[in-house]
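J.: Structure in structure tokens, see below.
The values are calculated or read from the model by the stated rules, or taken from the named source; none is laboratory data. All of these numbers come straight from a predicted model, not from anything done at the bench. Neighbour counts run over all protein chains shown; Cβ positions are idealised from the backbone, glycine included. Ligands, DNA and RNA are stripped out before the accessible areas are found, and what is left, the full protein with its side chains, is counted by its heavy atoms. Shrake-Rupley method; radii C 1.70, N 1.55, O 1.52, S 1.80 Å.
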Amino acid sequence: MYGLDAINAYNGWAISVVGVTIVFTGLVTLSMAISQLHKLLDLWENRKELSLFKKKSPATDQPLVAFTPGQKESSRQFKLLAETLNDHFSLPRLLKLAQISGIDHPHATLATLLEADIIVSDTQGYHVLDMARFNTLVS
Amino acid sequence: MEHLFVDFFQNTGFFLCDYRNIVMILVGMTFIYLGIAKDYEPLLLVPIGFGMLMGNIPVFHGLGLGIYEDNSVLHYLYFGVTQGLYPPLIFLGIGAMTDFSTLLARPVLMLLGAAAQAGIFITFLGALALGFAPNEAASIGIIGGADGPTAIFLTAKLAPKLIGPIAVAAYSYMALVPVIQPPIMRLLTSRKERLIRMEEPREVTKREKMLFPIVAFLLCCFLAPAALPLLGMLCFGNLLKEAVVTERLAVAARTSIIDSVTILLGVTVGASTQGDVFLTSQSVGIFFLGALSFCIATACGLLFAKFMNLFLKSKINPLLGAAGVSAVPDSARVVQVVGQQEDPTNFLLMHAMAPNISGVIGSAVAAGVLWSFMS
Amino acid sequence: MKKAINILKKNELFTNVEETDLEAMGKSLETRSVQEGEVLATQGDTATFFFVLEAGTLLVALSDGKSAVLNKTGDFIGLELLSSKGIYISTVTALTPCEIVVIPRKSFLEFIQNDSPAAASFMQAWNSYRSHTFPFLPELDTPDMDYQY
């Protein structure tokens, strides 16, 4: 027997419809049950639930960057070196020049200039010198 | 002395060989090639491919060498397939290696796994229409579940003589998921839909993960008790994994146990494809219907995801529907790859694992339902 | 190792990663103190470690003179920011004394090639982090993954 006759004879339509329905019912029930699972657990662990809604503490203010006289001198030399490069300069290149030039603590000075936002990223992998900020904090 | 040589020659594979053995040996070598050179499911295709070589060495019947001879070693190993022992053990390992957290984080994605199972029942109708008996049609339909152990389990129960072609078809199509699914996915979705980004899933607690296998097992098996051997072992394996204190058992289940069983299952299923038994018009029909079943299941998942989007505020990427066919984790990876072809920064893999895993549960339930209807 | 894991757990990239996964990354997961000017990785060398910053400032120098400065606790220096095909593609220098967590590159790659949601979640978070922090980096490759069973 072939075709629709075979399907009808073996009750194929009913088996398929009931089969799909059972599979769907099973997974829908399971999905509803597990979607509530975490809520039940939250209720069970009441203290955890309370902590869940606690607001995060606001971010702490940025620490103020203060330059020592020595750092100021090194920063001024960094500025001179940066001016020999393009406006958007390479930080590793600037560091290399600072090392070659014998500036004191080139790494730490560069870190301080970065922390003070005097040297800032241009988001393209290069950096720029913020002259206004340099004048305010260093000069 | 001469007749000794003649007797010996008449017992060699060269004398007993049949063109069907050669065809199957070539198929086996193709499987091994695909597994090793193309990296298509090597853990399955290499054992099955080598099993095909073993099963198609022409042997003199009566010596107790062939897999279908009662007293042969291969026959004893094949016992695990024919009696449905191996699939639940594989499910134990799958449970012990699967993380259900994406499913727990967004349970609605489970419906995609359910939708894809429609392919099983549509193919069941197709197989009936082509003249297969209902028990055979059910075994063929389950290929669309894209779950090798489930297909073997159901076939062992309903149509044991079809285990060879059905297992080979199921594993072949599972291996070909990266080839079969993408065209259907592109055909049924627009670029705009493929670009949809999924919401970040919520964090799932350890307790939820521990409770899930118990809840899932009880709910599904009360509804479809025939799914007990597969779902029971799947959920038990997962409980071993999540319970932490049973880590040693979980490690055994997901490493040595599943690996040993995969070897035995792969080799014996491969060996069961003896040319004279395997190469029949029925097998061709099974391969054709298996492919159809797989395609329909993929399409059902995709279309159901689009249907869900009509009602959901936070849209889901319909590509996820394709992962509902189970084939863990290949179909989820295909979703990731197709999604990234449109937007390389869109990571769909973890979201696709949800319908993927629910597909495993869905196909096990579908197998249980079909078994109970047919027995 | 416990201290190193605790530091990683505070990082949003590693939030969803199970402690067992972190432990599996290798027993050599450890914290290390580095001095100002010390070089952690040199471009062209064999890549053996990734780094997570606990405290201090690091300069990551890429090709073409490009660079990234990392100074937030939990900043991750790894994947395509640091290496390609087993070779360091950037040089990492400590600008200040730093505390860092050192992760063996091989075991970390094994972790992200898992199919666990934790690994996928990490990749999602990393992708978002890298596109936000290093918009100039080349596109991310999909990591090769092996079939599980």
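J.: Does B:Pro165 count as surrounded by 24 or more Cβ atoms within 10 Å (Cβ to Cβ) and modelled with pLDDT under 90?
T.: So B:Pro165 fits the description; yes.
J.: Looking at (1) exposed (fewer than 15 other Cβ atoms within 10 Å of the Cβ); (2) over 23 Å from A:Leu30 (Cβ atoms), find the lone condition where B:Leu249 falls short.
T.: In the conditions (1) exposed (fewer than 15 other Cβ atoms within 10 Å of the Cβ); (2) over 23 Å from A:Leu30 (Cβ atoms), B:Leu249 misses (1) alone.
J.: I'd like to verify a number: residues in the stretch B:1-59 that are more than 14 Å from chain C (Cβ to nearest Cβ) and assigned to a loop (DSSP other than H, G, I, E, B), how many?
T.: 10
J.: Right, another one. Just to be sure I understand, how many residues within the stretch B:171-204 are under 28 Å from A:Ile34 (Cβ atoms) and within 18 Å of the chain's Cα centre (by Cα)?
T.: The total comes to 3.
J.: Answer yes or no: is there a residue in the stretch B:337-348 that is over 25 Å from B:Pro149 (Cα atoms), open to solvent by less than 10 Å² (accessible area, probe 1.4 Å), assigned to a helix (DSSP H, G or I) and more than 11 Å from chain C (Cβ to nearest Cβ).
T.: Taking every residue of the stretch B:337-348 in turn, at least one turns out to be over 25 Å from B:Pro149 (Cα atoms), open to solvent by less than 10 Å² (accessible area, probe 1.4 Å), assigned to a helix (DSSP H, G or I) and more than 11 Å from chain C (Cβ to nearest Cβ).
J.: Only one of (1) crowded, with 23+ Cβ neighbours inside 10 Å; (2) away from chain A (no Cβ under 14 Å); (3) within 30 Å of B:Arg248 (Cβ to Cβ) is not met by B:Pro88, so which one is it?
T.: Status for B:Pro88: all satisfied but (1).
J.: Okay, next question. Does A:Asp5 satisfy being more than 7 Å from chain B (Cβ to nearest Cβ), touching a Lys or Arg at 6+ places or on another chain (Cβ under 9 Å) and not hydrophobic (A, V, I, L, M, F, W, C)?
T.: no
J.: Please report, ordered by residue number, the helices (runs of 4 or more DSSP H) entirely within the stretch B:243-330 with at least 1 residues that are modelled with pLDDT under 95 and among the polar types (S, T, N, Q).
T.: Output list reads B:258-271, B:281-309.
J.: Right, another one. When the residues of the stretch A:99-114 are narrowed to those that are out of contact with any Asp or Glu (no Cβ under 9 Å at 6 or more places or on another chain) and within 7 Å of another protein chain (Cβ to nearest Cβ), which ends up nearest to C:Val69 (Cα to Cα)?
T.: A:Leu114
J.: State the number of residues belonging to the stretch A:115-127 that are surrounded by 15 or more Cβ atoms within 10 Å (Cβ to Cβ) and more than 8 Å from chain C (Cβ to nearest Cβ).
T.: 4
J.: Another question about this same structure. B:Val46: open to solvent by 20 Å² or more (accessible area, probe 1.4 Å), within 16 Å of the chain's Cα centre (by Cα) and modelled with pLDDT of 90 or more, yes or no?
T.: yes
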